[in-house]
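Working notes, structure below.
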């Protein structure tokens, strides 16, 4: 909703004063958070154009690029998320929005291939139909930062097949999920399932984002990993992934998702584990173990507020006329 303020006079626009004039007209909004975001967005966009002496041809190339990103996006492929991922923006925003204490499991990027079609699975279920992958037994727990086991936590799991392809990437995909499962932790906070050892894979590079990576001399590979999304009442939703140590792309992930605390080592299965968890046969099988730690919504809110205030102080923007609302800096209404 526009404010009732009289419109400012916009005239004699120049390289030097265009930014101030845009701020003046945008300030008509009655939404203080929107006004602040647009003020900073316009400031940085205009400064970028001035600092680089951006040409009309370059600007039109940028418009064309973003248009192609939009055309490539669909219900099963979000090219804009892929663009955000490859620019490191997704991880940055996740870290800002979901701060974690050092005792909690760290989050990472969601990626463009999460769906809401994971089938409900019982403990010990096999989430893959791929016979070519190396079997993987995943033994996990979930607890609070105080060490309390958490029961009835929803755990959404997804990974590629042994070729490094997600189910929805196949032209023949007809809504039948593969490499996906939806489990719940038991009374002792445990959950376990059978999958395959993840493999490195290329992010989709047949579109505009792939062309950007090629122009930058960057590879499109992601290191081997399994995605997890954990949700429980009163707890901050955790979007994360576990990465295999010594993967060839461990230190050059195309979407900047790897964190040291999320790197895991696989072990060979023991005869006792085969019997206990019903792993058939005597062929190769690896075991992944991990203890997930969730933070409460209250813990996260306090961290978000504190970190937002500190960031504003560092920028020299904090002081009278500012407040924090849901972890977001907002200028008080005039």
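Quick one: would you say residue 184 is without any contact (Cβ under 8 Å) to a residue 60 or more places away in the chain and under 23 Å from residue 94 (Cα atoms)? When the stated conditions are applied, residue 184 does not pass them.
To keep it simple, each residue is scored yes or no on (1) surrounded by fewer than 15 Cβ atoms within 10 Å (Cβ to Cβ); (2) in contact (Cβ under 8 Å) with a residue 24 or more places away in the chain; (3) assigned to a strand (DSSP E or B).
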| position | (1), (2), (3) |
| --- | --- |
| 147 | yes, no, no |
| 156 | no, yes, yes |
| 161 | no, yes, no |
| 168 | no, yes, no |
| 172 | yes, no, no |
| 175 | yes, yes, no |
| 178 | no, yes, no |
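Set side by side, the residues 128, 105, 115, 141 differ, and just one is out of contact with any helix residue (DSSP H, G or I) (no Cβ under 6 Å at 6 or more places or on another chain) and not in a loop (DSSP other than H, G, I, E, B), which is 141. Test residue 209 against the stated conditions and say whether it is outside any helix (DSSP H, G or I) and buried (at least 18 other Cβ atoms within 10 Å of the Cβ). No. Scan the range 36-45 and give yes if some residue there is surrounded by 14 or more Cβ atoms within 10 Å (Cβ to Cβ), within 28 Å of the chain's Cα centre (by Cα), assigned to a helix (DSSP H, G or I) and touching a residue at least 60 places away in the same chain (Cβ under 8 Å), otherwise no. Yes - at least one qualifying residue is present in the range 36-45. Checked against the criteria, residue 82 counts as in contact (Cβ under 8 Å) with a residue 24 or more places away in the chain, part of a helix (DSSP H, G or I) and touching a helix residue (DSSP H, G or I) at 6+ places or on another chain (Cβ under 7 Å). Given the conditions (1) at pLDDT 95 or above; (2) under 16 Å from residue 227 (Cβ atoms); (3) crowded, with 20+ Cβ neighbours inside 10 Å, and given that residue 197 satisfies all but one, which numbered condition is not satisfied? Just one mismatch for residue 197, condition (3). The condition (being farther than 22 Å from residue 132 by Cα, in a strand (DSSP E or B) and within 23 Å of the chain's Cα centre (by Cα)) is satisfied by just one residue among 292, 256: 292.
Comparison of 325, 258, 293 shows that the only residue that is under 30 Å from residue 27 (Cβ atoms) and either outside the structural domain of residue 147 (by TED's automatic domain parsing) or in contact (Cβ under 8 Å) with a residue 60 or more places away in the chain (or both) is 325. Condition (residue is within 30 Å of residue 276 (Cβ to Cβ) and in the same structural domain as residue 284 (by TED's automatic domain parsing)) applied to the range 79-100: is it met by at least one residue? No; the residues of the range 79-100 include none that is within 30 Å of residue 276 (Cβ to Cβ) and in the same structural domain as residue 284 (by TED's automatic domain parsing).
A single entry from 287, 255 fulfils the requirement of being modelled with pLDDT of 90 or more and in contact with a strand residue (DSSP E or B) (Cβ under 6 Å, 6 or more places away or on another chain): 287.
The test for being outside the structural domain of residue 163 (by TED's automatic domain parsing), assigned to a helix (DSSP H, G or I) and more than 18 Å from the chain's Cα centre (by Cα) does not hold for residue 275. The single condition from (1) modelled with pLDDT of 90 or more; (2) assigned to a loop (DSSP other than H, G, I, E, B); (3) surrounded by 15 or more Cβ atoms within 10 Å (Cβ to Cβ) that residue 318 fails is (1). Tell me whether the range 76-88 contains one or more residues that are in contact with a strand residue (DSSP E or B) (Cβ under 7 Å, 6 or more places away or on another chain) and under 20 Å from residue 238 (Cβ atoms). Checked the range 76-88: no residue is in contact with a strand residue (DSSP E or B) (Cβ under 7 Å, 6 or more places away or on another chain) and under 20 Å from residue 238 (Cβ atoms).
The values are calculated or read from the model by the stated rules, or taken from the named source; none is laboratory data. In this text the structure is predicted, and so the values were computed from the model without any measurement. Virtual Cβ from ideal backbone geometry, glycine too; neighbours counted across all protein chains shown.
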